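The values are calculated or read from the model by the stated rules, or taken from the named source; none is laboratory data. Source: prediction; values computed, not measured. Note: ideal-geometry Cβ built from the backbone for every residue, glycine included; neighbour counts use all protein chains shown. Please note that ligands, DNA and RNA were not included when accessible areas were found on the heavy atoms of the full protein model with its side chains. Shrake-Rupley method; radii C 1.70, N 1.55, O 1.52, S 1.80 Å.
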Amino acid sequence: MSLVRNSITIGGLTLVSRVLGLVRDMLMARYVGAGLASDAFLIAWRLPNLFRALFAEGAFAAVFVPLFNKKMTEAEREKAQSGLTAARTFASQVLSVLFPFLVLFTGVMMLTAGPVVWAMTGGFPDGGPEKFALARHLTIITFPYLALISLVSLLGGILNSLNRFWVNAAAPILLNICMIIALIFFRGDSEVETAVTQAIAVTVSGALQLLWLMWACHRAGASLKLAWPRLTPDVKLMLALIAPAAIGQGAIQFNLLISTSLAARFLPEGSVSWLYYADRLNQLPLGLIGIAIGTAILPALSRQIAGADSKAASDTQNRAVELALFFAMPATAALIISAIPIVHGIFEHGAFTAADTRGTAAVLMAFSAGVPAYVLIKVLTPGFYARSDTKTPLRLALWSMLVNLIGNLILIWPLAHIGVGVATAISAWVNVVLLWITLRKRGHIAVDARLKQKAWRIVLAAALMGVALFFGNEIIEDQLGTGLWRRIAVLSVLVSAGGAVYALAILLFGAYRIQELKSLFRRRAASPAANISES
């Protein structure tokens, strides 16, 4: 399967999930608002969401997929047994060690929910004992999601290795469906009761996702067996690689965790919710572009590096960077220029006020300055993971996290919640620069002529789109005070018009020819990078 088609498959299903996520957030903004109950729920959900990002979208994909593929390749080369049988045995060994650890870890975390919430929030100085008690209660309800989503990640890694990307990419849809159903049919009479319902829905969704992946693995002939845990050499290697990979892949999430904790301690009530809603919009391009391309590129890079084809590996990464810029730059322009109408049109109704729109939009603009960086991190790190190097991205991520912490401490006082967004964006760009310099010094990537030629033209086309959106904002301003569905329709027209301007600018500036754009999505039987390497 081609890199572009795999990316589109993953990105398309992620788009469905994110659209449902926006529907969920719109309902949440309406019924929970941006106050005590919302802040408490979002703190309770932060840790499960962090683990989802680390494992489901990070460490397991980064470490497990190359090792699983290696087992299949070695068995097929030696012809001792089928490749899938050998790889499945390895996966069962991992499951047998992972399962008891997750049960123990989840139990301990639930018992210590109080200290964990206090460590994250300082006891909510602005909200008092009631807010802290609610956050602790919601955290206990959501913590089982950690174990469930980690098991989902293991099974998803198997299916990704078998090129069944769509199954794992579809799993998060169940999370949003569960939370939407809870908000529509099971919400309470108060914002607090509704927040409790949301916490229950999170854990229920984890169980449903696990059942979905188990069924898919059974259909693929890759069902696992639970046995007595043994630390085999393969499992030891997996464990040695996965911890640094999780931290390295989760740099953005760790930065947001730090930012959320500082906001809960030092900023007024509602700031945590503004950060959350802004991050939800900011995460759209990361999920649709960065995670999709990063997931699709890893199997291709693993095969090329195993075959000692360094030229093909470098070409694959160049094309991945090109594809990332092609989609990330217009997303950046839209989220920065049209932040206020986007937040207003999507969230401002019910308990979500005009003041909440202004607070959220300000953070969104700051966050969005780092959108290309968030995406490129996901595209560049597979260049290390495909070579079983998880320590280097970790070391570089730690530097970016330090930059984020220092930036928060410096900027949160003069800029309040906006400073949090600025610090996050700066730290992401630091991470990208460090990743790129390291790959280049090691000879693992070099900017080819095609990327040099197209990159600046893509940036110029996105800038022209931004100018068009600036004037479009004024045209639609009066329409955003109408009903919810009309606002969504108005925003859809704005986004579509911006996309049309971008497409025309791409052709006008010569970034791509029409034939090239067609070739991006044409089915090829060649190597994963082949269909985007032709001019």
Self-check item: Looking only at the range 226-249, and only at residues there that are at pLDDT 85 or above and either in a loop (DSSP other than H, G, I, E, B) or in contact with a Lys or Arg (Cβ under 6 Å, 6 or more places away or on another chain) (or both), the one that is farthest from A428 (Cα to Cα)
Solution: W228
Quiz item: Taking the range 181-207 as the search range and keeping residues that are under 20 Å from the mean Cα position of the chain (by Cα) and not hydroxyl-bearing (S, T, Y), which one is nearest to G294 (Cα to Cα)?
Solution: G206
Practice problem: Examine the range 106-127 for a residue that is in a helix (DSSP H, G or I), acidic (D, E) and open to solvent by 30 Å² or more (accessible area, probe 1.4 Å), and state whether such a residue exists. | Solution: no
Practice problem: Please verify whether the range 463-475 includes one or more residues that are acidic (D, E) and in a helix (DSSP H, G or I). | Solution: yes
Self-check item: Cβ-Cβ under 6 Å pairs, at least 6 apart or on other chains, the range 479-490 side at positive phi and part of a helix (DSSP H, G or I), far side modelled with pLDDT of 70 or more and of a type in the set (A, V, I, L, M)
Solution: none
Practice problem: Among the numbered conditions (1) of a type in the set (A, V, I, L, M, F, W, C); (2) modelled with pLDDT of 90 or more; (3) over 26 Å from the mean Cα position of the chain (by Cα), tell me where A449 comes up short. | Solution: (2)
Self-check item: Of the criteria (1) closer than 30 Å to H137 by Cα; (2) part of a loop (DSSP other than H, G, I, E, B), which one G221 fails
Solution: (1)
Practice problem: Determine which member of the set H444, H417 is open to solvent by 40 Å² or more (accessible area, probe 1.4 Å) and touching a residue at least 60 places away in the same chain (Cβ under 8 Å). | Solution: H444
Exercise. Run down N168, N163, N176 and say which single residue is of a type outside the set (F, W, Y) and not in a helix (DSSP H, G or I).
Key: N163
Quiz item: Which of (1) under 30 Å from L508 (Cβ atoms); (2) aliphatic (A, V, I, L, M); (3) open to solvent by 30 Å² or more (accessible area, probe 1.4 Å) does A455 not meet, given it meets every other one?
Solution: (3)
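Yes or no, residue by residue, for (1) hydroxyl-bearing (S, T, Y); (2) modelled with pLDDT of 75 or more; (3) out of contact with any helix residue (DSSP H, G or I) (no Cβ under 9 Å at 6 or more places or on another chain):
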site	(1), (2), (3)
R265	no, no, no
S271	yes, yes, no
L275	no, yes, no
I291	no, no, no
A324	no, yes, no
Exercise. Kindly indicate whether L439 is closer than 25 Å to A312 by Cβ and touching a Phe, Trp or Tyr at 6+ places or on another chain (Cβ under 9 Å).
Key: yes
Self-check item: Conditions (1) of a type outside the set (D, E, K, R); (2) modelled with pLDDT of 80 or more; (3) more than 23 Å from M26 (Cβ to Cβ); number of the one not met by L298
Solution: (2)
Quiz item: Across the range 41-77, which residue is surrounded by the most Cβ atoms within 10 Å (Cβ to Cβ) among those that are modelled with pLDDT of 75 or more and touching a Phe, Trp or Tyr at 6+ places or on another chain (Cβ under 8 Å)?
Solution: F68
Quiz item: Restricting attention to the range 345-356, which residues are surrounded by fewer than 24 Cβ atoms within 10 Å (Cβ to Cβ) and assigned to a helix (DSSP H, G or I)?
Solution: I346, A354, A355, D356
Quiz item: So which pairs qualify, if the first residue must be in the range 330-341 and farther than 15 Å from S496 by Cβ, the second must be open to solvent by 10 Å² or more (accessible area, probe 1.4 Å) and among the charged types (D, E, K, R), the Cβ gap must be under 8 Å, and the two must be at least 6 apart or on different chains?
Solution: I340/R358
